[in-house]
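Only one structure is covered here, and it is reproduced in the block below.
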There are 2 protein chains.
Amino acid sequence: MLYRPPSITIIGFGAFGRLVAAVLASHARVSVYDQSPDAWSAASALGFEVIASTKEISTDIVVLAVPVQSLSEVLLDIAPLLRPGQVVVDVCSIKEEPARMMRQLLPPHVEVLASHPMFGPGSVKNGVAGAQIVLCPVRGTRWRAFAVFLRRTLGLEVIVTTPEEHDRQAAMTQGLTHLLARAFQALGERPRIRTRSFDLILEALAMVTNDAPEIYEAVTRGNRHVDPLRQDLLRALASLGKAPESAAAADAAGQ
Amino acid sequence: MLYRPPSITIIGFGAFGRLVAAVLASHARVSVYDQSPDAWSAASALGFEVIASTKEISTDIVVLAVPVQSLSEVLLDIAPLLRPGQVVVDVCSIKEEPARMMRQLLPPHVEVLASHPMFGPGSVKNGVAGAQIVLCPVRGTRWRAFAVFLRRTLGLEVIVTTPEEHDRQAAMTQGLTHLLARAFQALGERPRIRTRSFDLILEALAMVTNDAPEIYEAVTRGNRHVDPLRQDLLRALASLGKAPESAAAADAAGQ
(Lines give C-alpha, C1' and ligand atoms only; values in the text may rest on other atoms or scores of the structure.)
Protein backbone atom coordinates (compact mmCIF):
# COMPACT_ATOMS: atom_id res chain seq x y z
CA MET A 1 0.00 0.00 0.00
CA LEU A 2 1.34 3.36 -0.99
CA TYR A 3 1.72 5.98 1.77
CA ARG A 4 -0.80 8.73 1.31
CA PRO A 5 0.03 11.97 3.16
CA PRO A 6 -2.91 13.06 5.29
CA SER A 7 -5.11 15.94 4.24
CA ILE A 8 -5.56 18.79 6.70
CA THR A 9 -7.86 21.78 6.78
CA ILE A 10 -6.72 24.69 8.91
CA ILE A 11 -9.63 26.86 10.00
CA GLY A 12 -8.33 30.31 10.88
CA PHE A 13 -5.33 31.77 9.06
CA GLY A 14 -4.10 34.17 11.74
CA ALA A 15 -0.55 34.20 13.08
CA PHE A 16 -0.79 30.71 14.54
CA GLY A 17 -2.77 29.21 11.63
CA ARG A 18 -0.01 30.40 9.31
CA LEU A 19 2.63 28.78 11.48
CA VAL A 20 0.73 25.47 11.52
CA ALA A 21 0.34 25.62 7.74
CA ALA A 22 4.04 26.33 7.21
CA VAL A 23 5.14 23.53 9.55
CA LEU A 24 2.77 20.93 8.06
CA ALA A 25 3.11 21.94 4.39
CA SER A 26 5.81 19.40 3.57
CA HIS A 27 4.07 16.55 5.45
CA ALA A 28 0.41 16.90 4.45
CA ARG A 29 -1.98 18.30 1.84
CA VAL A 30 -2.95 21.55 3.53
CA SER A 31 -6.03 23.61 2.75
CA VAL A 32 -7.12 26.77 4.52
CA TYR A 33 -10.45 28.30 5.50
CA ASP A 34 -10.79 31.81 6.86
CA GLN A 35 -13.64 34.32 6.66
CA SER A 36 -11.32 37.26 6.11
CA PRO A 37 -10.47 38.17 2.48
CA ASP A 38 -7.02 39.32 3.62
CA ALA A 39 -6.26 35.90 5.11
CA TRP A 40 -7.68 34.30 1.97
CA SER A 41 -5.28 36.14 -0.33
CA ALA A 42 -2.37 35.57 2.08
CA ALA A 43 -3.03 31.81 2.01
CA SER A 44 -3.30 31.78 -1.79
CA ALA A 45 -0.09 33.79 -2.13
CA LEU A 46 1.69 31.19 0.02
CA GLY A 47 0.45 28.42 -2.29
CA PHE A 48 -2.18 26.85 -0.01
CA GLU A 49 -5.49 25.62 -1.35
CA VAL A 50 -8.18 27.99 -0.07
CA ILE A 51 -11.68 26.66 0.47
CA ALA A 52 -14.62 28.98 0.14
CA SER A 53 -16.91 27.46 2.73
CA THR A 54 -16.78 25.12 5.69
CA LYS A 55 -19.16 22.91 3.64
CA GLU A 56 -16.10 21.72 1.71
CA ILE A 57 -14.20 20.32 4.73
CA SER A 58 -13.56 16.73 3.71
CA THR A 59 -10.01 16.33 5.02
CA ASP A 60 -8.72 13.64 7.41
CA ILE A 61 -7.83 16.26 10.01
CA VAL A 62 -9.39 19.63 10.86
CA VAL A 63 -7.24 22.05 12.86
CA LEU A 64 -9.14 24.85 14.57
CA ALA A 65 -6.67 27.75 14.78
CA VAL A 66 -9.19 30.27 16.10
CA PRO A 67 -9.36 32.22 19.37
CA VAL A 68 -11.15 30.39 22.17
CA GLN A 69 -13.69 33.23 22.09
CA SER A 70 -14.76 32.10 18.57
CA LEU A 71 -14.53 28.37 19.16
CA SER A 72 -18.17 27.56 19.95
CA GLU A 73 -19.33 29.52 16.90
CA VAL A 74 -16.94 27.60 14.62
CA LEU A 75 -17.89 24.25 16.22
CA LEU A 76 -21.61 24.91 15.69
CA ASP A 77 -20.82 25.87 12.10
CA ILE A 78 -18.85 22.73 11.19
CA ALA A 79 -20.53 20.10 13.41
CA PRO A 80 -23.31 19.15 10.95
CA LEU A 81 -20.81 18.83 8.07
CA LEU A 82 -18.20 16.51 9.58
CA ARG A 83 -17.84 12.93 8.35
CA PRO A 84 -17.28 9.83 10.51
CA GLY A 85 -13.61 9.32 11.32
CA GLN A 86 -12.47 12.88 10.83
CA VAL A 87 -10.20 14.16 13.59
CA VAL A 88 -10.80 17.65 14.97
CA VAL A 89 -7.91 19.35 16.79
CA ASP A 90 -7.95 22.71 18.56
CA VAL A 91 -4.84 24.72 19.50
CA CYS A 92 -6.25 27.05 22.17
CA SER A 93 -4.02 28.26 25.04
CA ILE A 94 -6.41 26.79 27.61
CA LYS A 95 -7.79 23.26 27.49
CA GLU A 96 -10.68 22.64 29.92
CA GLU A 97 -13.19 24.93 28.21
CA PRO A 98 -12.27 23.97 24.58
CA ALA A 99 -12.26 20.22 25.43
CA ARG A 100 -15.71 20.52 27.00
CA MET A 101 -17.06 22.50 24.05
CA MET A 102 -15.68 20.03 21.49
CA ARG A 103 -17.07 17.05 23.44
CA GLN A 104 -20.50 18.68 23.63
CA LEU A 105 -20.77 20.25 20.19
CA LEU A 106 -19.08 17.77 17.85
CA PRO A 107 -20.94 14.62 16.73
CA PRO A 108 -19.91 11.30 18.35
CA HIS A 109 -18.63 9.89 15.03
CA VAL A 110 -15.84 12.51 14.99
CA GLU A 111 -12.57 12.02 16.89
CA VAL A 112 -11.44 14.91 19.09
CA LEU A 113 -7.99 15.97 20.26
CA ALA A 114 -7.41 19.06 22.40
CA SER A 115 -3.89 20.38 21.96
CA HIS A 116 -1.74 23.29 23.05
CA PRO A 117 1.49 23.97 21.17
CA MET A 118 3.70 25.75 23.74
CA PHE A 119 5.25 27.96 21.08
CA GLY A 120 4.28 30.65 18.64
CA PRO A 121 5.59 32.44 15.57
CA GLY A 122 7.93 34.51 17.75
CA SER A 123 9.58 31.66 19.60
CA VAL A 124 10.31 29.11 16.83
CA LYS A 125 12.19 31.16 14.26
CA ASN A 126 14.79 28.38 14.12
CA GLY A 127 12.20 25.60 13.75
CA VAL A 128 9.86 23.82 16.13
CA ALA A 129 12.21 20.93 17.04
CA GLY A 130 12.67 20.81 20.81
CA ALA A 131 9.55 22.87 21.54
CA GLN A 132 6.72 21.42 23.64
CA ILE A 133 3.21 20.46 22.61
CA VAL A 134 0.56 19.32 25.09
CA LEU A 135 -2.02 16.77 23.90
CA CYS A 136 -5.27 16.11 25.78
CA PRO A 137 -7.08 13.21 24.05
CA VAL A 138 -10.84 13.77 24.22
CA ARG A 139 -12.33 11.10 21.94
CA GLY A 140 -10.90 8.36 19.70
CA THR A 141 -7.45 6.83 19.26
CA ARG A 142 -6.01 8.33 16.07
CA TRP A 143 -4.26 10.98 18.16
CA ARG A 144 -1.61 8.34 18.94
CA ALA A 145 -0.34 8.27 15.36
CA PHE A 146 -0.42 12.07 15.34
CA ALA A 147 1.65 12.13 18.54
CA VAL A 148 4.24 9.85 16.95
CA PHE A 149 4.41 12.17 13.93
CA LEU A 150 4.84 15.23 16.16
CA ARG A 151 7.61 13.57 18.14
CA ARG A 152 9.50 11.65 15.46
CA THR A 153 9.05 13.84 12.42
CA LEU A 154 8.79 17.34 13.89
CA GLY A 155 11.01 16.67 16.92
CA LEU A 156 8.52 18.13 19.39
CA GLU A 157 8.46 17.20 23.08
CA VAL A 158 4.96 15.69 23.40
CA ILE A 159 3.24 15.87 26.81
CA VAL A 160 0.01 13.89 27.13
CA THR A 161 -2.20 14.95 30.02
CA THR A 162 -5.73 15.94 31.00
CA PRO A 163 -7.27 19.34 30.21
CA GLU A 164 -7.51 20.03 33.95
CA GLU A 165 -3.85 19.28 34.61
CA HIS A 166 -2.84 21.39 31.58
CA ASP A 167 -4.81 24.36 32.85
CA ARG A 168 -3.50 23.92 36.39
CA GLN A 169 0.10 24.09 35.17
CA ALA A 170 -0.53 26.73 32.49
CA ALA A 171 -2.04 28.96 35.18
CA MET A 172 1.50 29.46 36.45
CA THR A 173 3.40 29.22 33.16
CA GLN A 174 1.16 31.51 31.12
CA GLY A 175 -1.41 33.07 33.42
CA LEU A 176 1.07 34.45 35.90
CA THR A 177 3.44 35.67 33.15
CA HIS A 178 0.61 37.61 31.47
CA LEU A 179 -0.61 39.05 34.79
CA LEU A 180 2.91 40.20 35.70
CA ALA A 181 3.36 41.77 32.26
CA ARG A 182 0.16 43.80 32.77
CA ALA A 183 1.04 44.67 36.36
CA PHE A 184 4.53 45.86 35.40
CA GLN A 185 3.03 48.29 32.89
CA ALA A 186 1.50 50.12 35.88
CA LEU A 187 4.90 50.58 37.56
CA GLY A 188 6.20 53.41 35.40
CA GLU A 189 9.42 53.88 33.48
CA ARG A 190 12.06 51.18 33.32
CA PRO A 191 15.21 52.00 35.34
CA ARG A 192 18.50 52.77 33.61
CA ILE A 193 20.33 50.95 36.40
CA ARG A 194 20.10 47.29 35.48
CA THR A 195 20.98 43.77 36.52
CA ARG A 196 21.12 40.64 34.40
CA SER A 197 18.21 39.12 36.35
CA PHE A 198 15.96 42.17 35.89
CA ASP A 199 16.86 42.32 32.19
CA LEU A 200 15.70 38.69 31.83
CA ILE A 201 12.39 39.49 33.55
CA LEU A 202 11.79 42.45 31.22
CA GLU A 203 12.69 40.28 28.21
CA ALA A 204 10.22 37.61 29.36
CA LEU A 205 7.39 40.07 29.96
CA ALA A 206 8.01 41.80 26.61
CA MET A 207 7.40 38.43 24.89
CA VAL A 208 3.76 38.40 25.98
CA THR A 209 3.01 42.13 26.20
CA ASN A 210 2.12 42.32 22.52
CA ASP A 211 0.00 39.15 22.43
CA ALA A 212 -3.53 39.68 21.15
CA PRO A 213 -6.04 40.80 23.86
CA GLU A 214 -7.99 37.55 23.26
CA ILE A 215 -4.93 35.55 24.31
CA TYR A 216 -4.58 37.59 27.52
CA GLU A 217 -8.26 37.04 28.31
CA ALA A 218 -8.04 33.31 27.55
CA VAL A 219 -4.92 32.52 29.60
CA THR A 220 -6.01 34.64 32.58
CA ARG A 221 -9.80 34.90 32.98
CA GLY A 222 -10.43 31.85 30.78
CA ASN A 223 -8.41 29.57 33.11
CA ARG A 224 -10.15 28.92 36.45
CA HIS A 225 -6.81 28.02 38.09
CA VAL A 226 -5.29 31.48 37.52
CA ASP A 227 -7.26 33.46 40.08
CA PRO A 228 -6.36 31.26 43.09
CA LEU A 229 -2.71 31.54 42.01
CA ARG A 230 -3.02 35.33 41.68
CA GLN A 231 -4.46 35.37 45.22
CA ASP A 232 -1.51 33.26 46.44
CA LEU A 233 0.94 35.69 44.83
CA LEU A 234 -0.89 38.66 46.40
CA ARG A 235 -0.75 37.03 49.83
CA ALA A 236 2.96 36.21 49.42
CA LEU A 237 3.83 39.75 48.29
CA ALA A 238 1.70 41.25 51.07
CA SER A 239 3.45 39.14 53.72
CA LEU A 240 6.86 40.36 52.48
CA GLY A 241 5.98 43.86 53.68
CA LYS A 242 5.99 42.78 57.30
CA ALA A 243 9.30 42.61 59.14
CA PRO A 244 9.76 38.94 60.07
CA GLU A 245 10.81 38.11 63.61
CA SER A 246 14.10 36.73 62.36
CA ALA A 247 14.94 40.07 60.71
CA ALA A 248 14.01 42.01 63.85
CA ALA A 249 16.18 39.66 65.92
CA ALA A 250 19.07 40.05 63.47
CA ASP A 251 18.77 43.85 63.63
CA ALA A 252 18.79 43.78 67.42
CA ALA A 253 21.83 41.50 67.45
CA GLY A 254 23.62 43.83 65.01
CA GLN A 255 23.30 46.90 67.25
CA MET B 1 57.71 61.03 36.91
CA LEU B 2 57.24 57.30 36.96
CA TYR B 3 53.68 55.95 37.13
CA ARG B 4 53.04 54.44 40.52
CA PRO B 5 50.06 52.06 40.62
CA PRO B 6 47.67 53.02 43.40
CA SER B 7 47.58 51.04 46.60
CA ILE B 8 44.23 49.62 47.68
CA THR B 9 43.04 47.95 50.87
CA ILE B 10 39.97 45.77 50.54
CA ILE B 11 38.15 45.41 53.86
CA GLY B 12 36.02 42.26 53.76
CA PHE B 13 37.14 39.24 51.75
CA GLY B 14 33.75 37.65 51.08
CA ALA B 15 32.48 36.74 47.62
CA PHE B 16 32.45 40.33 46.41
CA GLY B 17 35.70 41.35 48.09
CA ARG B 18 37.42 38.45 46.31
CA LEU B 19 35.99 39.60 42.98
CA VAL B 20 37.22 43.18 43.56
CA ALA B 21 40.66 41.88 44.51
CA ALA B 22 40.87 39.67 41.40
CA VAL B 23 39.75 42.47 39.06
CA LEU B 24 42.13 45.09 40.55
CA ALA B 25 45.14 42.81 41.12
CA SER B 26 46.85 43.67 37.83
CA HIS B 27 46.18 47.42 38.17
CA ALA B 28 46.99 48.16 41.82
CA ARG B 29 48.88 46.98 44.87
CA VAL B 30 46.12 45.15 46.70
CA SER B 31 46.09 44.29 50.39
CA VAL B 32 43.26 42.62 52.27
CA TYR B 33 41.78 42.94 55.75
CA ASP B 34 39.18 40.53 57.12
CA GLN B 35 38.44 39.43 60.68
CA SER B 36 37.85 35.82 59.66
CA PRO B 37 40.86 33.46 59.71
CA ASP B 38 39.34 31.56 56.78
CA ALA B 39 39.23 34.70 54.63
CA TRP B 40 42.75 35.52 55.80
CA SER B 41 44.20 32.25 54.59
CA ALA B 42 42.19 32.44 51.36
CA ALA B 43 43.65 35.89 50.63
CA SER B 44 47.18 34.68 51.40
CA ALA B 45 46.74 31.63 49.21
CA LEU B 46 45.72 33.92 46.33
CA GLY B 47 48.90 35.97 46.81
CA PHE B 48 47.40 39.09 48.36
CA GLU B 49 49.10 40.95 51.17
CA VAL B 50 47.05 40.39 54.32
CA ILE B 51 47.06 43.06 57.00
CA ALA B 52 46.50 42.06 60.60
CA SER B 53 44.67 45.16 61.81
CA THR B 54 42.79 48.17 60.44
CA LYS B 55 45.55 50.24 62.15
CA GLU B 56 47.75 49.40 59.17
CA ILE B 57 45.49 50.94 56.50
CA SER B 58 47.79 53.41 54.76
CA THR B 59 46.73 52.84 51.14
CA ASP B 60 45.52 55.48 48.68
CA ILE B 61 42.11 53.80 48.43
CA VAL B 62 40.07 51.82 50.95
CA VAL B 63 37.30 49.62 49.54
CA LEU B 64 34.66 48.54 52.05
CA ALA B 65 33.36 45.18 50.75
CA VAL B 66 31.20 44.46 53.80
CA PRO B 67 27.43 43.98 54.18
CA VAL B 68 25.53 47.22 54.79
CA GLN B 69 24.54 45.72 58.16
CA SER B 70 28.25 45.88 59.25
CA LEU B 71 29.11 49.18 57.62
CA SER B 72 28.69 51.52 60.60
CA GLU B 73 30.78 49.25 62.79
CA VAL B 74 33.62 49.19 60.22
CA LEU B 75 33.40 52.96 59.68
CA LEU B 76 33.64 53.63 63.43
CA ASP B 77 36.61 51.27 63.55
CA ILE B 78 38.63 52.87 60.73
CA ALA B 79 37.57 56.55 61.05
CA PRO B 80 40.22 57.58 63.62
CA LEU B 81 42.99 55.88 61.60
CA LEU B 82 42.45 57.39 58.16
CA ARG B 83 44.93 59.91 56.72
CA PRO B 84 44.13 63.11 54.80
CA GLY B 85 43.52 62.43 51.10
CA GLN B 86 42.66 58.76 51.40
CA VAL B 87 39.61 57.76 49.37
CA VAL B 88 37.02 55.47 50.97
CA VAL B 89 34.69 53.55 48.65
CA ASP B 90 31.77 51.31 49.63
CA VAL B 91 30.14 48.73 47.32
CA CYS B 92 26.78 48.20 49.06
CA SER B 93 23.66 47.33 47.04
CA ILE B 94 21.84 50.39 48.36
CA LYS B 95 23.29 53.90 48.41
CA GLU B 96 21.27 56.38 50.53
CA GLU B 97 22.01 54.78 53.89
CA PRO B 98 25.73 53.98 53.21
CA ALA B 99 26.37 57.47 51.74
CA ARG B 100 24.81 59.10 54.83
CA MET B 101 26.80 56.87 57.20
CA MET B 102 30.10 57.57 55.40
CA ARG B 103 29.42 61.33 55.36
CA GLN B 104 28.63 61.30 59.07
CA LEU B 105 31.23 58.88 60.38
CA LEU B 106 34.33 59.55 58.25
CA PRO B 107 36.55 62.56 59.02
CA PRO B 108 36.30 65.55 56.64
CA HIS B 109 39.90 65.14 55.44
CA VAL B 110 38.95 61.81 53.79
CA GLU B 111 37.36 61.64 50.34
CA VAL B 112 34.24 59.49 50.02
CA LEU B 113 32.74 57.67 47.03
CA ALA B 114 29.59 55.55 47.28
CA SER B 115 29.49 52.92 44.56
CA HIS B 116 27.36 50.01 43.44
CA PRO B 117 28.85 47.54 40.96
CA MET B 118 25.79 46.07 39.19
CA PHE B 119 27.40 42.66 38.91
CA GLY B 120 28.64 39.88 41.10
CA PRO B 121 30.81 36.78 40.97
CA GLY B 122 28.00 34.89 39.23
CA SER B 123 27.36 37.35 36.41
CA VAL B 124 30.88 38.27 35.24
CA LYS B 125 32.50 34.90 34.59
CA ASN B 126 33.65 36.24 31.22
CA GLY B 127 35.06 39.47 32.68
CA VAL B 128 33.54 42.72 33.87
CA ALA B 129 33.77 44.62 30.56
CA GLY B 130 30.33 45.86 29.56
CA ALA B 131 28.89 45.54 33.06
CA GLN B 132 27.50 48.59 34.87
CA ILE B 133 28.82 50.39 37.94
CA VAL B 134 26.97 53.23 39.64
CA LEU B 135 29.05 55.98 41.29
CA CYS B 136 27.56 58.45 43.79
CA PRO B 137 30.26 61.02 44.68
CA VAL B 138 29.91 62.03 48.33
CA ARG B 139 33.02 64.08 49.08
CA GLY B 140 36.11 65.11 47.09
CA THR B 141 37.08 64.94 43.41
CA ARG B 142 39.47 62.00 43.06
CA TRP B 143 36.54 59.78 42.10
CA ARG B 144 36.80 61.33 38.60
CA ALA B 145 40.14 59.66 37.89
CA PHE B 146 38.73 56.43 39.33
CA ALA B 147 35.73 56.71 36.99
CA VAL B 148 38.05 57.11 34.00
CA PHE B 149 39.98 53.99 35.09
CA LEU B 150 36.75 51.99 35.47
CA ARG B 151 35.53 53.05 32.04
CA ARG B 152 38.73 53.04 29.98
CA THR B 153 40.74 50.29 31.62
CA LEU B 154 38.06 47.90 32.88
CA GLY B 155 35.50 48.68 30.16
CA LEU B 156 32.65 49.24 32.64
CA GLU B 157 29.60 51.35 31.87
CA VAL B 158 29.88 54.08 34.51
CA ILE B 159 26.67 55.77 35.69
CA VAL B 160 27.14 58.82 37.94
CA THR B 161 24.07 59.76 39.94
CA THR B 162 22.79 60.62 43.42
CA PRO B 163 22.25 58.01 46.16
CA GLU B 164 18.53 58.82 46.10
CA GLU B 165 18.17 58.31 42.35
CA HIS B 166 20.18 55.07 42.60
CA ASP B 167 17.89 53.70 45.29
CA ARG B 168 14.77 54.82 43.43
CA GLN B 169 15.84 52.89 40.32
CA ALA B 170 17.31 49.93 42.21
CA ALA B 171 13.98 49.53 44.02
CA MET B 172 12.60 48.19 40.75
CA THR B 173 15.74 46.52 39.36
CA GLN B 174 16.77 44.70 42.52
CA GLY B 175 14.06 45.14 45.13
CA LEU B 176 11.23 43.88 42.97
CA THR B 177 13.31 40.98 41.61
CA HIS B 178 14.14 39.79 45.12
CA LEU B 179 10.53 40.19 46.31
CA LEU B 180 9.24 38.20 43.33
CA ALA B 181 11.82 35.48 43.94
CA ARG B 182 10.60 35.13 47.55
CA ALA B 183 6.94 35.31 46.55
CA PHE B 184 7.35 32.63 43.86
CA GLN B 185 8.77 30.24 46.46
CA ALA B 186 5.32 30.30 48.08
CA LEU B 187 3.57 29.21 44.86
CA GLY B 188 4.50 25.54 44.97
CA GLU B 189 6.09 23.25 42.41
CA ARG B 190 7.24 24.52 39.04
CA PRO B 191 5.06 23.32 36.13
CA ARG B 192 6.34 20.82 33.59
CA ILE B 193 4.44 22.66 30.87
CA ARG B 194 6.68 25.55 29.93
CA THR B 195 7.06 28.60 27.73
CA ARG B 196 10.21 30.48 26.81
CA SER B 197 8.99 33.55 28.69
CA PHE B 198 8.26 31.65 31.92
CA ASP B 199 11.64 29.87 31.65
CA LEU B 200 13.35 33.29 31.50
CA ILE B 201 11.46 34.46 34.60
CA LEU B 202 12.51 31.34 36.52
CA GLU B 203 16.11 31.79 35.35
CA ALA B 204 16.06 35.42 36.54
CA LEU B 205 14.58 34.59 39.94
CA ALA B 206 17.03 31.70 40.44
CA MET B 207 19.90 34.21 40.07
CA VAL B 208 18.91 36.00 43.27
CA THR B 209 17.30 33.17 45.26
CA ASN B 210 20.65 32.07 46.65
CA ASP B 211 21.94 35.54 47.51
CA ALA B 212 22.92 35.98 51.16
CA PRO B 213 20.02 36.94 53.47
CA GLU B 214 21.80 40.24 54.22
CA ILE B 215 21.57 41.17 50.54
CA TYR B 216 17.84 40.41 50.48
CA GLU B 217 17.33 42.56 53.58
CA ALA B 218 19.44 45.40 52.17
CA VAL B 219 17.82 45.62 48.73
CA THR B 220 14.26 45.26 50.06
CA ARG B 221 13.80 46.63 53.60
CA GLY B 222 17.00 48.70 53.41
CA ASN B 223 15.70 50.70 50.42
CA ARG B 224 12.86 53.09 51.33
CA HIS B 225 11.66 53.15 47.69
CA VAL B 226 10.87 49.42 47.58
CA ASP B 227 7.77 49.37 49.74
CA PRO B 228 5.81 51.97 47.73
CA LEU B 229 6.68 49.96 44.59
CA ARG B 230 5.54 46.73 46.26
CA GLN B 231 2.26 48.47 47.11
CA ASP B 232 1.93 49.60 43.47
CA LEU B 233 2.49 46.02 42.30
CA LEU B 234 -0.07 44.71 44.81
CA ARG B 235 -2.64 47.25 43.62
CA ALA B 236 -1.97 46.42 39.96
CA LEU B 237 -2.26 42.65 40.57
CA ALA B 238 -5.39 43.15 42.67
CA SER B 239 -7.05 45.23 39.95
CA LEU B 240 -6.39 42.46 37.39
CA GLY B 241 -8.81 40.22 39.27
CA LYS B 242 -11.75 42.42 38.38
CA ALA B 243 -13.41 41.96 34.99
CA PRO B 244 -12.86 45.25 33.17
CA GLU B 245 -15.82 46.83 31.37
CA SER B 246 -14.04 46.43 28.05
CA ALA B 247 -13.77 42.66 28.56
CA ALA B 248 -17.44 42.41 29.56
CA ALA B 249 -18.39 44.40 26.47
CA ALA B 250 -16.21 42.21 24.25
CA ASP B 251 -17.82 39.06 25.70
CA ALA B 252 -21.28 40.48 25.06
CA ALA B 253 -20.32 41.41 21.50
CA GLY B 254 -18.94 37.91 20.91
CA GLN B 255 -22.26 36.21 21.78
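The values are calculated or read from the model by the stated rules, or taken from the named source; none is laboratory data. Here the structure is a predicted model, which means the values were calculated and not measured. Cβ: placed from backbone, ideal geometry, glycine included. Neighbour counts: every protein chain shown. For the accessible areas, the whole protein counts, side chains as well, though only heavy atoms, and no ligand, DNA or RNA atoms are used. Shrake-Rupley method; radii C 1.70, N 1.55, O 1.52, S 1.80 Å.
Using R0 = 41 Å, the C-beta based FRET efficiency linking A:ARG144 and A:ASP227 works out to 0.75. Here the label points at B:GLN35 and A:GLU164, each 7 Å from Cα along the C-beta direction, are separated by 5.7 nm in the simple model.
Ligands, DNA and RNA left out, the 1.4 Å accessible surface of the protein assembly as shown is 54% carbon and sulfur atoms.
Taking every DSSP bridge with both residues inside the protein assembly as shown, close to 20 percent are antiparallel. Taking the convex hull of the Cα atoms, report for the stretch B:7-161 its projected area averaged over all directions, in nm². Answer in nm², one decimal: 8.2.
Which stretch or stretches of the stretch A:137-177 have amide N atoms under 18 Å from the point lying 7 Å from A:HIS109's Cα along the Cα→Cβ direction? Under cut-off, by backbone N: A:139-142.
Derived scalar couplings between HN and Hα for the stretch A:86-92 equal 5, 10, 9, 10, 9, 10, 5 Hz in order, rounded to whole Hz, by the Karplus curve 6.51 cos²θ - 1.76 cosθ + 1.60 (θ = phi - 60°), x for Gly and Pro.
Rounded to the nearest 5, the antiparallel percentage of DSSP beta bridges internal to chain B is 20%. The A-B contact accounts for roughly 5100 square angstrom of buried accessible surface, both chains included, probe 1.4 angstrom. Placing a label point 7 Å from the Cα of A:ARG235 along the Cα-to-Cβ direction, the residues of the stretch A:167-195 whose backbone N falls under 20 Å from that point are A:168-173, A:175-177, A:179-180. Highest GNM mean-square fluctuation among A:ARG168, A:ARG190, A:ARG182, for chain A modelled with Cα contacts below 10 Å: A:ARG190.
Structure remark: mean-square fluctuation, Gaussian network model of chain A, C-alpha springs under 10 Å; the largest value among A:GLU164, A:GLU203, A:GLU56 belongs to A:GLU203. Each other residue within a Cβ distance under 11 Å of B:ILE10 adds +1 if Lys or Arg and -1 if Asp or Glu, for a net charge of -1. Across the copies of the chain, A:PRO213 has label points (7 Å from Cα along Cα→Cβ) spaced 4.8 nm apart, shortest distance listed first. Based only on the alpha carbon positions, what is the Kirkwood hydrodynamic radius of the protein assembly as shown, in angstrom? Hydrodynamic radius (Kirkwood, Cα pairs) of the protein assembly as shown is 26.5 Å.
Axis between B and A by rotation; chain B residue with nearest Cβ and distance in whole Å recorded as B:LEU200, 2. When the Gaussian network model of chain A links Cα atoms closer than 10 Å, the mean-square fluctuations of A:ALA212, A:ALA171, A:ALA236 top out at A:ALA236.
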